[in-house]
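Asker: Sharing a structure, written as structure tokens. Questions coming.
The values are calculated or read from the model by the stated rules, or taken from the named source; none is laboratory data. Keep in mind it's a predicted model, so treat the numbers as computed, not measured. A quick note on method: Cβ atoms are made from the backbone with ideal geometry, for glycine too, and the neighbour counts reach across all protein chains shown. These accessible areas exclude ligands, DNA and RNA; they are computed on the full protein's heavy atoms, side chains included. Shrake-Rupley method; radii C 1.70, N 1.55, O 1.52, S 1.80 Å.
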Amino acid sequence: MKPTILISNDDGYEAKGLRCLVDMVRHLGNIVVCAPEGPRSGFSCAFSVTTPLRITLREHQDGVDIWSCNGTPVDCVKMALSEILDRRPDMVIGGINHGDNGSVNSHYSGTMGVTLEGCMKYIPSVAYSLCDHDEDADFEPLRPYIQQFTERVLREGLPKDTCLNINFPKLGEKSEEREYRGVKVCRMAHGSWLGEVTKCHHPRGYDYYWMQGHYENDEPDADDTDNWALTHGYVAITPTHIDVTNHEALRSMKDSWEHSSSNCDKE
């Protein structure tokens, strides 16, 4: 039996990145897409609690079903698992995202929301992103990498509670800049968003705001991070864990905090 691959994103079911991804992996199994009706960037792991959801079959051809949902990326995964698929998928893929999801961006990303949701359901899950926000970005150089990575995850699986956040740098225009330098398995860089709120004044007399800002790498010299890999032309693979417990802090705090709290009980 062919494996079943569930695909979603946060750029909408019509986005070029998603359509290119479907074309890249369609030979690997039965493809089911459930993606938002329109852009849902920045929705992270949000899901709809107070809004009723709808799903619509948009396309059905050549072994690929494409559905849209009026909710968030995570809603799309939940709806696909509950209402569309007749069996548990062998893999969940988020992407291909138009834009960088390295470093702290992964916390905000709807593409990573897709992948984390799949991982929380114990399904091998991967997010693919290209560091190019252009709606007509060139995804073709990603093809051999995405095919190889997807085949490997289908064959070998992933460790429990672990998904992959895979980011591709934008290639340059010169011929010598048209190939990736290689692949780096790396940690998430520490970074910060600065100047995030831009204030504007409407002619009708009220203020309004845009969330914008710019990203700053807080450890630019560290050569073991996703930011370093991407800025130096490498594909960055970051294994991402669902368990957000700081186990080192847990060990160091456990005795002292539990002991001090026991003294509170005696007072």
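Asker: Go through segment 115-152 and give me each residue that's part of a loop (DSSP other than H, G, I, E, B) and among the β-branched types (Val, Ile, Thr).
Answerer: Result: 123, single match.
Asker: What's the number of the only condition in (1) open to solvent by 30 Å² or more (accessible area, probe 1.4 Å); (2) touching a helix residue (DSSP H, G or I) at 6+ places or on another chain (Cβ under 8 Å); (3) within 30 Å of residue 190 (Cβ to Cβ); (4) not charged (D, E, K, R) that residue 67 fails to meet?
Answerer: Against the list (1) open to solvent by 30 Å² or more (accessible area, probe 1.4 Å); (2) touching a helix residue (DSSP H, G or I) at 6+ places or on another chain (Cβ under 8 Å); (3) within 30 Å of residue 190 (Cβ to Cβ); (4) not charged (D, E, K, R), residue 67 comes up short only on (3).
Asker: Hey, does segment 60-78 have a residue that's closer than 16 Å to residue 125 by Cα and of a type in the set (Lys, Arg)?
Answerer: Checked segment 60-78: at least one residue is closer than 16 Å to residue 125 by Cα and of a type in the set (Lys, Arg).
Asker: A further question follows. Every residue in segment 206-230 that is at pLDDT 95 or above and either of a type in the set (Lys, Arg) or closer than 24 Å to residue 115 by Cα (or both), please.
Answerer: Within segment 206-230, 224, 225, 226, 227, 228, 229, 230 meet the criteria.
Asker: For the subset of segment 102-123 comprising residues that are of a type in the set (A, V, I, L, M, F, W, C) and more than 9 Å from the chain's Cα centre (by Cα), which member is farthest from residue 35 (Cα to Cα)?
Answerer: For segment 102-123, the residue satisfying everything is 104.
Asker: Considering only segment 1-11, how many residues are closer than 14 Å to residue 129 by Cα and either open to solvent by 10 Å² or more (accessible area, probe 1.4 Å) or part of a loop (DSSP other than H, G, I, E, B) (or both)?
Answerer: Final tally of qualifying residues: 3.
Asker: Name the residues in segment 23-58 that are open to solvent by 10 Å² or more (accessible area, probe 1.4 Å), outside any strand (DSSP E or B), in contact (Cβ under 8 Å) with a residue 12 or more places away in the chain and out of contact with any helix residue (DSSP H, G or I) (no Cβ under 7 Å at 6 or more places or on another chain), would you?
Answerer: 26, 37, 38, 39, 51, 54
Asker: Ok, one more. Determine which member of the set 62, 75 is modelled with pLDDT under 95 and either open to solvent by 70 Å² or more (accessible area, probe 1.4 Å) or not hydroxyl-bearing (Ser, Thr, Tyr) (or both).
Answerer: Of 62, 75, the one residue that is modelled with pLDDT under 95 and either open to solvent by 70 Å² or more (accessible area, probe 1.4 Å) or not hydroxyl-bearing (Ser, Thr, Tyr) (or both) is 62.
Asker: Taking segment 102-135 only, how many residues are open to solvent by less than 10 Å² (accessible area, probe 1.4 Å), of a type outside the set (Ser, Thr, Tyr) and within 14 Å of residue 236 (Cβ to Cβ)?
Answerer: Adding up the residues that qualify gives 5.
Asker: Which of the residues that make up segment 186-218 are surrounded by fewer than 10 Cβ atoms within 10 Å (Cβ to Cβ) and under 27 Å from residue 164 (Cα atoms)?
Answerer: If the condition is that a residue be surrounded by fewer than 10 Cβ atoms within 10 Å (Cβ to Cβ) and under 27 Å from residue 164 (Cα atoms), then 194, 214 are the ones that fit.
Asker: Please identify the pairs in which a residue from segment 189-206 that is free of Cβ contacts under 8 Å to residues at least 60 places away in the same chain has its Cβ atom under 9 Å from the Cβ atom of a residue that is open to solvent by less than 50 Å² (accessible area, probe 1.4 Å), counting only partners at least 6 apart or on another chain.
Answerer: As it stands, the answer is 194/213; 195/213; 196/213; 197/213; 198/213, since those pairs meet every condition given.
Asker: Also, quick follow-up: Based on what the data block shows, is residue 226 charged (D, E, K, R) and open to solvent by less than 30 Å² (accessible area, probe 1.4 Å)?
Answerer: So residue 226 passes the test.
Asker: Pairs, please: C-beta under 6 Å, at least 6 apart or cross-chain, first residue in contact (Cβ under 8 Å) with a residue 24 or more places away in the chain and in segment 79-101, second open to solvent by less than 40 Å² (accessible area, probe 1.4 Å) and among the charged types (D, E, K, R)?
Answerer: 98/11
Asker: If the requirement is being open to solvent by 10 Å² or more (accessible area, probe 1.4 Å), at pLDDT 95 or above, in contact with a Phe, Trp or Tyr (Cβ under 7 Å, 6 or more places away or on another chain) and not polar (S, T, N, Q), which of these qualifies: 146, 84?
Answerer: Within the list 146, 84, the selection yields 84.
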